[in-house]
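Input: a single structure, listed below in structure tokens.
Read-outs throughout are calculated quantities, based only on the coordinates presented, and are distinct from any laboratory measurement. Keep in mind that this is a model prediction, so the values were computed, not measured. Glycine gets a Cβ as well: all are built from the backbone with ideal geometry, and neighbour counts include every protein chain shown.
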Amino acid sequence: MMNKILNETYKLHNGVEMPKVGFGTFRMTDPKITKAAVIHALQHGYKMIDTVDVYGNHEIIREAIKESGVNRKDIFITTKV
């Protein structure tokens, strides 16, 4: 059931398909836990990571993406301005 949900997308005007569900990183303050959680999420089907600069975890997320083995071009990163 979860994989079905993770595979649902919105088709954008430019034809790109964006995941409907992402992995949120709010209140993930422990770098070790954050990295492990993001790696796990990516390796189990999440294709979108949601973050905000004030969370202070961008560097850890970058490392997790690199270590996950998932191709960066297959991942959406959403943030707020």
Original post:
For helix 31-43, what angle does its Cα long axis make with the longest principal axis of the chain, in degrees from 0 to 90 and rounded to 10?
Top reply: 20
Original post:
Say R0 is 22 Å: what FRET efficiency, to the nearest 0.05, do Leu12 and Val54 get from their beta-carbon distance?
Top reply: 0.25
**OP:** Pop the C-beta distance of Glu67 and Ile5 into the FRET formula with R0 = 30 Å and round what comes out to the nearest 0.05.
**Re:** 0.75
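In whole Å, what three semi-axes, largest first, describe the equivalent ellipsoid of the chain built from its Cα gyration tensor (square root of 5 times each eigenvalue)? If you can, show how the numbers build up before the last one.
On the way: eigenvalues 88, 42, 26 Å².
Value: 21, 15, 11 Å, ordered largest first.
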Subject >> Residues Val16, Val21, sorted so that the one with the fewest Cβ neighbours within 10 Å comes first >> reply: Val16, Val21
Original post:
Any idea what angle helix 58-68 forms with the longest principal axis of the chain, computed on alpha-carbon atoms, 0 to 90 degrees, nearest 10?
Top reply: 70
Original post:
Hey, got the dipole for the stretch 2-78? About the Cα centre, +1 on K and R Cβ, -1 on D and E Cβ, debye to the nearest 20?
Top reply: 160
Original post:
Label points 7 Å out from Cα along the Cβ direction at Ile77 and Lys32: separation in nm?
Top reply: 2.4
Original post:
In the chain, which longest range has no trypsin sites (Lys or Arg not before Pro) that are both DSSP loop (not H, G, I, E or B) and surrounded by at most 16 other Cβ atoms within 10 Å?
Top reply: 28-79
Original post:
Which of the aspartates and glutamates could a cross-linker bridge to Lys47, judged by Cα under 20 Å and excluding same-chain residues fewer than eight apart?
Top reply: Glu8, Glu17, Glu59, Glu63, Glu67, Asp74
